[in-house]
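None of the figures in this text is laboratory data; all of them are computed from the coordinates on show. Fair warning: this is a prediction, and the values are worked out from it, not measured in the lab. Reconstructed Cβ throughout: ideal geometry from the backbone, glycine too, with neighbour counts over all protein chains shown.
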Amino acid sequence: MKKLLGISLGIVTSIGGFLDVGSIATSAQAGAAFGYALLWAVFRGTLCVIFLVEMSGRFSIVSGHTITDAMRKRFGFAAFIIPFAATQLVNLLVLASEIGGICVALQLLTGIGFQVWAIPVAGALWLLLWVATFDVVEEGTALLGLVTLCFLVAAFVLGVQPKELAAALVPSLPTQERAHYLYLAVSIIGATIAPYLFLFYSSGAIEDHWDKSYITANRWIATIGMSFGGLISMAVIVVAALALKPAGIRVEDYEQAALMLVPAFGGWGFYLFVASLAIACFGAALELSLASAYSVSQAFGWNWGENLRPRQAARFSSAYTIFIALAALIVATGLNPMKLTLFSMAITAVILPLTAMPFLVLMNDPHYMREHVNSRFSNYVVIFIVLLSALMALVAIPLEIVASK
Amino acid sequence: MSDIDLVRDILDTQVLDRAKRPLGKVDGIGLELRDGAPPRVAYLEIEGPTAWARLGARCGRWAAKLASRWQREGHPYRFGWSQVLDLDVDIEIDADAEHSPPFDFERWLRERFVGRLPGGR
């Protein structure tokens, strides 16, 4: 019974954590500009993240290590610390994007500019981590995150065409705007395979003392939770394709994206979008702040844990405090949140191999995994998707920068 | 574990105190060279700047300078095999994390910042 509760909670959590600012922004742009054409990117990213999340759970169950802890031990401090720092830096950009998403939602609601909201939003986020026990916070936002299911409903209301949808799961190249198409494709993959997602998941498995009896449950949580998240991202593309593209609306800003639910739900659609954006970003921002503080603590061997008082884990709580403060500063500079988000997601795709490749080495090391090492198939899936996406991102980012000048 | 590989099993491993609280990582290993006998492990070290020095000497000096802001006595913090209680995923040693030198940074942050903020206790 406890396990069943754990499974359903895990699934709800992954839905809450999966759909974040990155998925909403990239999918909305993709659908509005290219219709269904980029669905394959979500599909491919979701496939890869299912494998990675399953691996991260299995790794912690079998080895007793969190991933960060094991990476330092396996590769040594000197080889570990630079890719680690790069990943944390990108996490910071993603956190800024999430905070930016909440601020934009507030701007849409009140008309007051998003920069103004940066400090109050970051303050609220920080306060929640500082005073509340995280269990309550996480489960609360995860449940509220179910509001994002409205995209799925809207896709059916607007009449999704299953045949076209299935056809778009195979990659294709459009005849025009190829550079922007490629950039969106890697941003979508970066948004789908966020490294913090599987780092966080492995910390959770250790904290909840998962033993070997959880190996099957872990597989189910990863598969169902991540596919469900992927399904909602796909729904965002479909809705944008059906609601925005025919009207010729290009999504350069969140103002345009906010209209995507209106054809399905009327005036309420606007508020549903704002609520989805705010809640999804807030949940993701909470997870991301904690995931980074966890990683830093695990890298240096500090005490960490979601239910420790700030005083009992001063280094841990200082880590997320600094992290949130820096992210708030980035938002307060007034960078376009939509552009910041897309850039953060594309950069995530670039640095993904820095986390994923060493992680695969761990997954194939019998010293850690004993008889539970990876199958050859799952190695190939992850290597193929991660390396190809990184290569694509290295081509697409300079092209996008040149084009936007 | 019958065979212990110093770099694989000891270096960079999590160290816990006797109550299983995290104390730090094995940042360095000291060997004692002996005439006519194989070298012997003299001590294990939990000391941030030692880890940073593995990136390069300058990095180590920079980290040591920074750490001198919060470090009190007892640095570098070293312990011997005799203090090791258990060696599995982590290394458990006979020490008390709260009152040991590796916690200087924790105490410094607590006294200067965290404890002073509302709700920080």
Using each residue's phi in the stretch A:231-237, evaluate 6.51 cos²θ - 1.76 cosθ + 1.60 at θ = phi - 60° and report the 3J(HN,Hα) Karplus result to the nearest Hz, with x for Gly and Pro.
4, 5, 4, 4, 4, 4, 4
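What FRET efficiency would be calculated for the residue pair B:A57, A:A167, taking the C-beta separation as r and a Förster radius of 56 Å, to the nearest 0.05?
Using R0 = 56 Å, I get an efficiency of 0.40.
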Run the quick spin-label model on B:Q83 and B:A42: label points 7 Å from Cα toward the beta carbon, then report their separation in nm to one decimal.
1.6
Going by how many other Cβ atoms sit within 10 Å of their own, how do B:F113, A:F228 line up, fewest first?
B:F113, A:F228
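Would you mind calculating the relative contact order of chain A from Cα pairs under 8 angstrom and at least 6 residues apart, reporting the percent as a whole number? Provide the component values of the computation, followed by the final result.
Working: 632 pairs, mean separation 151.6, N = 405.
So the answer I get is 37 percent.
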Pick out, in residue order, every one of the trypsin sites (Lys or Arg not before Pro) in the stretch B:1-56 that is DSSP loop and has at most 12 other C-beta atoms within 10 Å; say none if there are none.
B:K20
Distant-in-sequence amide H partners of B:V41 (H built 1.01 Å from N, under 5 Å):
B:E32
Charge dipole (the stretch A:2-403, unit charges on Cβ, about Cα centre) - positive-most of A:V116, A:I385, A:G101:
A:I385
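Sort A:M357, A:M338 by Cβ crowding within 10 Å, fewest neighbours at the top. Working shown, then result.
Working: A:M357 15, A:M338 24.
Fewest to most other Cβ atoms nearby, the residues stand as A:M357, A:M338.
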Between A:L109 and A:A275, how many nm apart are label points set 7 Å from Cα along the C-beta direction?
1.1
Size of charge dipole - the stretch B:52-95 - debye, nearest 20, with Cβ of Lys, Arg +1 and Asp, Glu -1, no other charges
700
How compact is the stretch B:6-116 by the rule of thumb for globular proteins, expressed as Cα Rg over 2.2 N^0.38 Å?
1.14
Where does helix A:337-363 land angle-wise versus the long Cα axis of chain A, in degrees 0 to 90, nearest 10?
30
Ratio of alpha-carbon Rg to the 2.2 N^0.38 Å globular estimate for chain A, to two decimals, please.
0.92
If the chain between A:E177 and A:K405 were fully stretched, how many nm would it gain, using 0.36 nm times the residue separation less the Cα-Cα distance?
80.6 nm
Rank A:I232, A:I322, A:I330 by mean-square fluctuation in a GNM of chain A with C-alpha springs under 10 angstrom and give only the top-ranked residue.
A:I322
Note, ³J(HN,Hα) from phi for the stretch B:54-65, Karplus 6.51, -1.76, 1.60, rounded to Hz, x at Gly and Pro
5, 7, x, 4, 5, 4, x, 5, 5, 5, 5, 5
In the stretch B:6-116, what % of DSSP beta bridges are antiparallel (nearest 5)?
90
Charge dipole (the protein assembly as shown, unit charges on Cβ, about Cα centre) - positive-most of A:T192, A:M338, A:F265
A:M338
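So for the stretch A:63-117, what percent of the C-alpha to C-alpha distances run longer than 12 Å?
Numbers: 1057 of 1485 pairs.
More than 12 Å apart: 71 percent of the Cα pairs in the stretch A:63-117.
For a quick check: sort B:D35, B:D12 by the number of other beta carbons within 10 angstrom, fewest at the front. Could you put the intermediate results ahead of the total?
Details: B:D35 4, B:D12 26.
Result, fewest neighbours first: B:D35, B:D12.
Would you mind telling me the antiparallel percentage of the DSSP bridges in the protein assembly as shown, rounded to 5? Intermediate results must be reported in sequence, preceding the final value.
Values: 15 of 17 bridges.
Roughly 90 percent of the beta bridges in the protein assembly as shown run antiparallel, per DSSP.
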Equivalent ellipsoid semi-axes, the stretch A:268-405, via Cα gyration tensor eigenvalues times 5, rooted, Å:
29, 27, 16
About the Cα centre of chain A, how large is the charge dipole given +1 on each Lys and Arg Cβ and -1 on each Asp and Glu Cβ? Please answer in debye to the nearest 20.
560
On a 0 to 90 degree scale, rounded to 10, what angle separates helix A:314-332 from the longest Cα axis of chain A?
20
